[in-house]
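Structure record follows, encoded as structure tokens.
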There are 2 protein chains.
Amino acid sequence: MGKLKFTISMSLDGYAAGPNQSLDNPLGQGGMALHEWAFATRTFSEMQGREGGSTGLDDDQARLWSENVGAVIMGRNMFGPIRGEWPDDEWKGWWGDEPPYHTPVFVLTHHAREPVEMEGGTTFHFVTDGIEAAHERARGAAGDRDVAIGGGASTVRQYLRAGLVDEMRIHMAPVLLGAGERLFDDVGDALAGFECVELVSSPAVAHYTFRRRST
Amino acid sequence: MGKLKFTISMSLDGYAAGPNQSLDNPLGQGGMALHEWAFATRTFSEMQGREGGSTGLDDDQARLWSENVGAVIMGRNMFGPIRGEWPDDEWKGWWGDEPPYHTPVFVLTHHAREPVEMEGGTTFHFVTDGIEAAHERARGAAGDRDVAIGGGASTVRQYLRAGLVDEMRIHMAPVLLGAGERLFDDVGDALAGFECVELVSSPAVAHYTFRRRST
């Protein structure tokens with residue numbers, strides 16, 4: 001059976017997004033700096049339909065984002081800025097007609113909505129009965145492959161607290177934000193079962209991979 | 001003029017010590033794991049008067065702890081477990097007759113005490129008039145060389161908040177403690193002026209060096 005996993009870029013002082021997140025600045029003040037290493041890679045260029053970008057260690061790590069991923073789960077704030085009831089079916093995510101997922105994507109929300117089929121294999125499903133239900137549906141859709149938690153940080157924390165995460169890949173950017181949204185706050189004992197299985201770095205970022213210890 | 005600098009090992013979730021620090025367990029629960037990379041080095045073995053230990057990247061980083069250091073500042077909790085008035089002159093630190101500093105060491109305390117001269121060039125001076133006074137005295141003692149903040153985390157935070165730190169070297173261990181003493185809490189805007197000038201890693205730890213941007 002596949003794993004439940006996530007990938008996240010963090011500042012050295014622990015923030016997955018800067019302070020004052022807004023529609024104009026969804027990563028918060030300074031938050032773009034967390035992802036500069038990724039923007040430079042060929043994988044990111046390809047996701048944007050562009051050419052160029054670096055190959056090598058950072059690109060290898062970026063390529064792992066989608067490796068063996070059969071379904072994705074994301075929080076509603078990651079899907080879009082709309083809160084409360086869906087006013088209509090117009091909002092279909094930040095990613096244009098062909099989102100970079102190419103798998104079913106399960107969006108956590110309190111407000112039901114019909115699935116939205118996009119180009120390139122991505123279909124957004126809206127799950128109103130909680131993170132465990134979303135996990136089960138994603139697991140069913142993924143088959144033998146992994147389920148990735150796409151974000152954001154609060155969705156990741158919910159899955160950590162529930163003890164459901166098998167693997168996490170943390171990209172520690174050489175950046176100090178001073179404030180923002182902490183990934184590892186209020187997760188109780190959820191981290192005790194993990195061990196680091198790989199640590200590699202480029203001058204731009206250090207990549208840590210943790211897996212749940214087999215018990 | 002020399003720099004004011006510090007070196008610290010942190011967990012990936014931001015802790016410089018584990019929870020429940022005590023006399024028997026001064027690094028807190030799990031805190032030893034932050035320093036395993038260092039214990040393995042030749043530099044650490046030499047500090048302990050032992051032979052052996054690894055050479056290479058981690059050892060090079062450990063060797064920088066004392067490089068060009070002309071004086072050290074430390075908090076009283078790092079000097080010893082005694083609180084309040086000094087009952088006598090018996091406590092002379094954790095480090096035996098010949099501490100590994102080999103320079104003047106300025107201990108922040110509210111309780112005056114005569115200097116204590118140890119073997120090997122270390123003399124402990126007790127400073128009762130605050131962090132800036134300690135910095136001035138250490139600066140005077142260091143000459144052209146650097147002043148190192150020996151720790152602990154709360155002393156480091158005080159110097160960060162005061163805007164006095166020029167360089168920090170952060171060793172990010174591939175460890176998740178879940179709780180403990182955070183280094184980068186409540187430091188306000190103190191981190192905004194720093195930029196990373198080096199990031200290197202071994203499989204055991206990633207080393208980040210930050211310097212204050214010249215303005």
Practice problem: Provide the per residue accessible area, probe 1.4 Å, for the protein assembly as shown, rounded to a whole number of square angstrom. | Solution: 46 Å²
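Averaged across orientations, what area in nm² does the convex hull of the alpha carbons in region A:75-177 project?
Details: hull surface 31.2 nm².
For region A:75-177, the mean projected area of the Cα convex hull comes to 7.8 nm².
Sum up the charges of everything whose Cβ sits under 14 Å from the Cβ of A:T128, counting Lys and Arg as +1 and Asp and Glu as -1, but leave A:T128 out. Don't jump to the answer; show the numbers that get you there.
Details: positive: A:R76, A:R113, A:R137; negative: A:E85, A:E114, A:D129, A:E132, A:E136.
With Lys, Arg at +1 and Asp, Glu at -1, the net is -2.
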Practice problem: Express the carbon and sulfur contribution to the solvent-accessible surface of region B:112-215 as a percent, rounded to the nearest whole number, probe 1.4 angstrom. | Solution: 42 percent
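With contacts defined as alpha carbon pairs under 8 Å and 6 or more residues apart, what's the relative contact order of region B:33-132 in percent?
Details: 137 pairs, mean separation 20.1, N = 100.
Relative CO of region B:33-132 lands at 20 percent.
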Quiz item: Taking chain A as a Gaussian network, where each spring joins two C-alpha atoms under 10 Å apart, which residue of A:G14, A:G188, A:G75 fluctuates the most?
Solution: A:G188
Quiz prompt | Choice from A:L57, A:L108, A:L23 with maximal GNM fluctuation in chain A (Cα, 10 Å cutoff) | solution = A:L23
Quiz item: Relative to the other copies, what are the label-point distances for A:E36, with labels 7 Å from Cα along the C-beta vector, expressed in nm at one decimal and sorted shortest first?
Solution: 3.2
Quiz item: List for region B:157-194: residues with 50 Å² or greater reduction in accessible area, all protein chains versus chain alone, probe 1.4 Å?
Solution: B:P174, B:L176, B:R182, B:F184, B:L191
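Hand me the trypsin sites (Lys or Arg not before Pro) from region A:149-215 located in a DSSP loop with no more than 13 other Cβ atoms within 10 Å, in residue order please.
Values: sites: A:R157, A:R161, A:R169, A:R182, A:R211, A:R212, A:R213; in loops: A:R213.
Answer by residue number: A:R213.
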Quiz prompt | Loop sites in region A:83-175: chymotrypsin sites (Phe, Trp or Tyr not before Pro), DSSP, at most 16 other Cβ within 10 Å | solution = A:W91, A:W94, A:W95
Quiz item: Based on Cβ point charges of +1 for Lys and Arg and -1 for Asp and Glu, what charge dipole magnitude is obtained for chain A about its Cα centre, in debye rounded to the nearest 20?
Solution: 520 debye
Quiz item: Roughly speaking, what is the stretch gain from A:E98 to A:D144, that is 0.36 nm per residue apart minus the C-alpha to C-alpha distance, in nm to one decimal?
Solution: 14.1 nm
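Helix-only mean residue ellipticity at 222 nm, chain A, DSSP H runs n ≥ 4 weighted -39,500 (n - 2.57), per residue, nearest 500. What is it?
On the way: 6 runs with 42 residues, N = 215.
The per-residue figure over chain A is -5000 deg cm²/dmol.
Might you report the magnitude of the Cβ-based charge dipole of the protein assembly as shown about its Cα centre, with Lys and Arg at +1 and Asp and Glu at -1, to the nearest 20 debye? Provide the component values of the computation, followed by the final result.
Values: 38 positive and 62 negative charges, 18 e Å.
For the protein assembly as shown, the charge dipole is close to 80 debye.
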Quiz item: Tell me, how many Å apart are the Cα centres for region A:15-76 and for region A:130-160?
Solution: 19 Å
Quiz item: Around B:G151, which amide H atoms from residues at least 5 apart in sequence, or from another chain, sit under 5 Å from its own amide H, with H modelled in the peptide plane?
Solution: B:G75
Quiz item: How many nanometers, to one decimal and shortest first, lie between the label point of A:P87 and those of its other copies, if labels sit 7 Å from Cα toward Cβ?
Solution: 7.2
Exercise. Can you bin chain B into rounded, prolate or oblate? Criterion: square roots of the alpha carbon gyration tensor eigenvalues sorted a ≥ b ≥ c, rounded for a/c under 1.5, prolate for a/b above b/c, oblate for the rest.
Key: rounded
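Just subtract the alpha-carbon distance of A:N25 and A:K3 from 0.36 nm times their residue separation and send over the number in nm, one decimal.
Numbers: separation 22, 0.36 × 22 = 7.92 nm, distance 3.18 nm.
The span from A:N25 to A:K3 would gain 4.7 nm if fully extended.
The values are calculated or read from the model by the stated rules, or taken from the named source; none is laboratory data. Remember, predicted model here, so these are calculated numbers, not experimental data. Neighbour counts run over all protein chains shown; Cβ positions are idealised from the backbone, glycine included. The protein model used for the area step is the full one, side chains on, heavy atoms only, and it has no ligands, DNA or RNA in it. Shrake-Rupley method; radii C 1.70, N 1.55, O 1.52, S 1.80 Å.
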